[in-house]
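Worksheet for the structure shown next.
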Amino acid sequence: MSRLLDISDLHVALPAESQRPYAVEGMNLHLDPNEILCVVGESGSGKSLTARAVMGLLPKPHVQISKGSVVFEGEDLAQASDERLREIRGSEISMIFQEPMTALNPVMTIGTQIDEVFRFHQRMSGKERRSRALKLLQDVQLPDPEQTLKAYPHELSGGQRQRAMIAMALALDPKILIADEPTTALDVTTQAQVLKLIKEMQAAHGTGVLFITHDFGVVADIADRVCVMQNGLVVETGTTEQVLGSPSHPYTQALIAAVPDLVPRPARPRSTEIVMRVKNLEKTYRSGGGLFGGKGRVVHAANDVSVDLARGETLGIVGESGSGKSTVARCIVRLNDAEAGQILLGDVDLRPLGRAAMRPHRSKIQMVFQDPFASLNPRTRIGKIIAQGPMMYGASAKEAKDRTLELLEIVGLDARAYERFPHEFSGGQRQRIGIARALALEPEILVADEPVSALDVSIQAQILTLLDEIRDRMNLSMIFITHDLRVAAQVCDRIAVMQRGKVIEVGPTSTMFANPTETYTRELLAAVPGKDWFSEKKIAAAKPG
């Protein structure tokens, strides 16, 4: 059987001022027809630039192939002209990008964008192009294909946008499909549906799939073979069984060991002291209608939500996008105003308080945000970012600086970070800075909104361990928002499951995982990628030592 793709001694050079000379160094890799090859590694490993090198989408001249070959059916794409690469892209090699909202044109309907693929590569009538587009949308199981053709990207959910991207990528029946982190931003159930769809489409068309990911759960569910990359080098390749079951390289072992176990950690005794009660919380969003009285859209983001939080406890709030979990978190810290209900901090109801009345209580509840890139002011030094809070509450400049240096040490950063700017740090380091800022006012409650979802698995493990240590050291109570049930299993003492604005189930983590009462909770657990592979037994066998 001839190989679809044969990469030999590939070197992708970086600019002279970069931390290393090559983004990809000496890569040897092949892809066969009807095979799914997963390329795994952390941020900066070179996996996405490998995909772009195959597609001829490297940001030249700053990043370019300096040595080696990328042979597709006997033709070396590293030597192909831009015109030839444009002919190949879409028709013979297609790509699904990580973020469909940025990959799709926001001012063109989905139908127009699919139609453009056909118009560029094939001669066919408008009627035939429309018929093919409808069939593609049906194949990727989008509801109401006729309506989806007319929709703009912002009118679709994340999962629907990703399905539309898959439809466009498969429009011309390519021989190779490159999927660059296509499920990273999706909920667990939507992720499971998209993975199943890719496998079905691949099997139906005999396509070779190059699947880029950092999630070993996804690898376990979809891969035939696995290639592990670290700092631009391929450190291990093999079948899924070989790499996951008997990893030979220390880096692979470390990545697999960092995958959170789906078996909840042992329960801790719950304090009888309740530090916060949320009662019958209501928050509604309205959109549309406009000046001419059209029918508006009403979303009950928080619908009669009631939960409580004990001293020293971590309460997880889990659910899919749109379930209302982040809205509840933002209402609790008063970044959003709820319309009804109570948010009781001790005996004080925070919900009706105005800005001035809320000020004495704000220091007691602090938030760690999801995106460590967007939540820090890029023009402000780290020391000032952390010290601002204490100084606003009356601390002297010296006291605030001493507290900041102490917090930097607590979150595992060097004192030299004090004078540096956010852009000088990695994503994991920025999240540590966000945690330090939240702790600066010595809060009683920490609200963490998806604090590790944007991080690599090994960095994720470090941040989760850090949060655990901080909670125990400072006797903090924590509300932990997540859609990742593996993370919830290892962090949370109790879990509240949200669906369409309602809390449908609350209980101890071990009970929820072993015996969930609601169908929706069982569906969330069933959709966790790689859950069968990464059982306690198998993950223990794969861990070093």
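All of the numbers you see were taken from the coordinates with simple rules; none came from a lab. Since this is a predicted model, take the numbers as computed values, not measurements. Glycine gets a Cβ as well: all are built from the backbone with ideal geometry, and neighbour counts include every protein chain shown.
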Task: Backbone N within segment 310-349 under 18 Å of label point (7 Å from Gln388 Cα along the Cβ vector) - done: 334-336
- [ ] Grab the beta carbon distance between Glu424 and Tyr285, set R0 = 30 Å, and tell me the FRET efficiency rounded to 0.05.
- [x] 0.20
Task: Packing-based exposure ordering (other Cβ within 10 Å, fewest first) of Met498, Met55, Met358 - done: Met358, Met55, Met498
- [ ] Would you please give the FRET efficiency between Ser458 and Lys127, computed as 1/(1 + (r/R0)^6) with r the Cβ-Cβ distance and R0 = 60 Å, to the nearest 0.05?
- [x] 0.70
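Quick check for me: using +1 on Lys/Arg Cβ and -1 on Asp/Glu Cβ, what's the dipole size of segment 101-171 about its Cα centre, in debye to the nearest 20? Kindly include the intermediate steps, with their values, before the conclusion.
Numbers: 10 positive and 7 negative charges, 48 e Å.
Roughly 220 debye for segment 101-171.
At 0.36 nm per residue, and after removing the present C-alpha to C-alpha distance, how many nm does the segment from Ala357 to Asp532 gain when stretched out fully?
Numbers: separation 175, 0.36 × 175 = 63.00 nm, distance 5.13 nm.
Residue separation times 0.36 nm, minus the Cα-Cα distance, leaves 57.9 nm.
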Open item on the list: Taking the beta-carbon count within 10 Å as an exposure proxy, list Lys279, Lys150 from fewest neighbours to most.
Closed with: Lys150, Lys279
Open item on the list: In whole Hz and in residue order, list the ³J(HN,Hα) couplings for segment 313-321 that follow from phi through the Karplus curve 6.51 cos²θ - 1.76 cosθ + 1.60, θ = phi - 60°; x for Gly and Pro.
Closed with: 9, 10, 9, x, 10, 10, x, 6, 4
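What area, in nm² and to one decimal, does the C-alpha convex hull of segment 101-171 cast on average over all directions?
It is 4.2 nm².
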Task: Mean ellipticity per residue at 222 nm, deg cm²/dmol - from DSSP H runs of n ≥ 4 across the chain, formula -39500 (n - 2.57) - done: -11000 deg cm²/dmol
Task: Surrounding net charge for Thr102, when Lys and Arg each add one and Asp and Glu each subtract one, Cβ distance under 14 Å - done: -2
Task: Rounded if a/c under 1.5, otherwise prolate or oblate - segment 205-278, Cα gyration tensor axes - done: prolate
Task: Net charge over other residues, Cβ less than 10 angstrom from the Cβ of Thr240 (K, R count +1; D, E count -1) - done: -2
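So which trypsin sites (Lys or Arg not before Pro) in segment 355-394 end up in coil per DSSP with only 12 or fewer other C-beta atoms within 10 Å? Please report the intermediate quantities before stating the final value.
Values: sites: Arg355, Arg362, Lys364, Arg379, Arg381, Lys384; in loops: Lys364, Arg379, Arg381.
Those satisfying the criteria are Arg379.
Could you give the C-alpha radius of gyration of the chain expressed as a fraction of 2.2 N^0.38 Å, taking N as the number of residues it contains?
Dividing the Cα Rg of the chain by 2.2 N^0.38 Å gives 1.04.
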TODO: Compute the distance in nm between two label points, each set 7 Å from the Cα along the Cα-to-Cβ direction, one at His154 and one at Thr239.
DONE: 5.0
TODO: Please figure out what share of the DSSP beta bridges in the chain is antiparallel and state it in percent, rounded to the nearest 5.
DONE: 55
TODO: Report the extension gain between Ala340 and Lys199 in nm, rounded to one decimal, defined as 0.36 nm multiplied by the number of residues separating them, less their alpha carbon distance.
DONE: 46.2 nm
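Please order His423, His121 by the number of other Cβ within 10 Å, starting at the fewest.
The fewest-first ordering by Cβ neighbours comes to His423, His121.
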